[in-house]
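Notes follow once the structure below has been shown.
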Amino acid sequence: MMLRTSIRRAPGFRACRCPAFALGVLRLSTDAAASAVHGTHPPRVRNLIGGEFVESQSKDWIDVVNPATQEVVSRLPLTTNEEFKAAVGTAKSAFPHWRNTPITTRQRIMFKLQELIRRDMDKLALNITTEQGKTLKDAQGDVFRGLEVVEHACGMATLQMGEYVSNVSNGIDTYSIREPLGVCAGICPFNFPAMIPLWMFPMAVTCGNTFVLKPSEKDPGASMMLAELAMEAGLPHGVLNIVHGTNDIVNNICDDDDIKAISFVGSNTAGMHIYSRAAAKGKRVQSNMGAKNHAIVMPDASPDATLNSLVAAGFGAAGQRCMALSTAVFVGGSKPWEDELIRCAKALKVNAGSEPGTDLGPVISRQAKERICKLIQSGIENGARIILDGRDVVVPGYEDGNFVGPTILADITSDMECYKEEIFGPVLLLMKANNLDDAIHIVNNNRYGNGASIFTTSGVAARKFQTEIEAGQVGINVPIPVPLPFFSFTGSKTSFAGDLNFYGKAGVQFYTQIKTVTQQWKDTSGQGISLAMPTSHKS
Ligand code: NAD
């Protein structure tokens with residue numbers, strides 16, 4: 001039996017109820033050790049409550065499945081109501097001490113956390129590839145983009161600064177303080193198992209909040225590993241808690257009066273449900289949802305750079321990115337581009353994400369594959385021309401995997417179901433526009449507004465696009481960019497609900513509330529009492 005023994009505990013770190021579990025959980029992906037520790041196979045994912053990884057008493061469990069093989073990697077509990085209450089309770093109890101912990105101490109924990117994430121980058125990536133399916137290199141990118149947010153949180157003392165105006169009136173000063181909210185919660189999607197939890201809890205806890213995280217039920221392993229690292233970095237017990245499940249646990253999060261704010265990333269169905277249910281309870285909600293990102297390709301676009309971008313952003317991560325470029329609108333039509341697009345897409349290697357040289361791994365589930373294939377078929381039936389069909393791809397050695405090869409549909413029109421719905425698979429739709437105005441009109445008419453790009457060598461066209469396009473993230477000669485954490489991850493129209501985005505300045509504002517203090521230090525003796533409201537010229 002192989003157990004990792006080199007784990008370093010933060011000062012004051014209490015052993016979890018089953019210390020071996022915390023080690024085992026690091027290996028949910030591949031490790032026989034985890035099951036040996038439990039005497040169960042596959043290993044069971046635990047809740048994290050009050051600094052302890054505790055096995056759920058739930059009777060209901062769901063399988064976490066490797067999408068390349070259908071192997072059950074682990075079993076995930078539907079956390080019970082009592083366990084959920086305990087997680088929120090412990091987060092609430094930890095809050096008063098944590099909010100009064102010096103901000104420099106909170107930052108130092110983030111400094112340590114970023115070091116530990118770097119140390120365990122390969123293990124995290126392996127877990128992501130095993131549970132989510134993306135390639136190992138892409139899984140490292142998943143961790144890295146989250147790591148950047150941890151690095152950003154290391155500067156929280158500056159980010160969380162308030163404002164001060166001296167002598168707003170004689171002897172009176174006013175200042176504002178950004179204070180934490182209390183218990184915050186995060187609800188995650190499957191497609192970025194490390195990056196999205198890292199968008200959430202590092203910013204929240206460094207602001208002084210405590211946190212309840214609900215990872216995606218499809219790939220919880222990275223969240224568990226990150227939580228383990230956060231505790232190793234010195235995060236006190238109760239500051240970060242993890243519960244598991246699907247709709248019921250999410251509804252509990254929305255309804256619980258002790259939870260003050262919810263960060264959500266996922267589909268529109270879930271996101272709007274959470275937004276309205278939690279807002280009705282007076283909570284703050286930031287909800288990042290679905291996407292249908294367009295690239296406008298002008299006739300003067302640089303051919304090689306544009307093709308590379310379309311292929312990378314259309315098919316990377318098997319199209320399961322909210323920043324995937326799923327639709328290309330060619331001004332003048334797609335015909336001149338089609339042969340080269342097919343050639344580049346055909347050259348991509350479809351295989352298990354763990355195999356060297358793989359470009360596209362599997363999609364997350366059999367249901368996801370079925371849905372993607374159905375949408376492709378509906379496109380064909382509605383008059384689209386399929387110029388590359390990846391539905392029948394077979395990967396030797398991984399015949400059970402949920403693979404879909406790169407697929408390209410041309411002659412797409414705005415009324416087609418495959419255009420209106422987010423496909424979330426390796427499918428690129430090609431559309432035609434007569435001119436730039438027409439292309440912008442097509443993009444703006446789509447209900448989603450996550451991101452849009454233009455490929456052109458004309459500054460005039462690029463500037464017009466930037467001004468008129470209705471999308472949160474805009475790329476000019478780059479596919480949809482994920483902004484670095486000193487900006488915020490934006491999104492508009494039905495891609496976002498709420499008014500404060502993830503990370504950056506807005507992220508700090510989301511996780512804090514403003515208190516305004518007015519203080520007077522002057523000798524007021526002999527001034528008497530005035531019952532009138534003060535006026536500016538008399539104070
Ligand atoms: P999903 O909505 O199915 O699941 C997200 C979370 O919501 C999960 O934790 C799940 O348990 C929960 N959930 C799902 N349905 C629910 C319901 N009816 N009631 C309550 N909770 C529910 O999303 P997914 O399939 O995991 O992720 C893919 C989606 O996420 C895509 O639409 C993608 O565009 C979107 N996404 C958006 C961004 C962004 O920043 N805009 C980033 C990543 C992913």
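Counting other Cβ atoms within 10 Å as a rough exposure proxy, the listed residues PHE95, PHE264 run PHE95, PHE264 from fewest neighbours to most. Loop-located trypsin sites (Lys or Arg not before Pro) across the stretch 455-539 with a Cβ neighbour count of 12 or fewer within 10 Å are LYS522, with loop assigned by DSSP.
Arrange ARG366, ARG46 by Cβ neighbour counts within 10 Å, fewest through most, would you?
Fewest to most other Cβ atoms nearby, the residues stand as ARG366, ARG46.
For the stretch 335-444, GluC sites (Glu not before Pro) meeting the loop criterion (DSSP other than H, G, I, E, B) and having at most 11 other Cβ atoms within 10 Å: GLU399.
Separation of the stretch 93-111 from the stretch 440-498 is 37 Å, based on Cα centroids. From the square roots a ≥ b ≥ c of the eigenvalues of the alpha-carbon gyration tensor of the chain, which class results: rounded (a/c under 1.5), prolate (a/b over b/c), or oblate? Since a/c reaches 1.5 but b/c is at least a/b, the shape of the chain is classed as oblate. Evaluated at q = 0.14, 0.15, 0.16 Å⁻¹, the base-10 log of the normalised Debye intensity for the stretch 231-325, with identical point scatterers placed on the Cα atoms, takes the values -0.72, -0.77, -0.81.
Here, each number is a calculation from the coordinates, and none is a lab measurement. Because the structure is predicted, anything quoted here is derived from the model rather than measured. Reconstructed Cβ throughout: ideal geometry from the backbone, glycine too, with neighbour counts over all protein chains shown.
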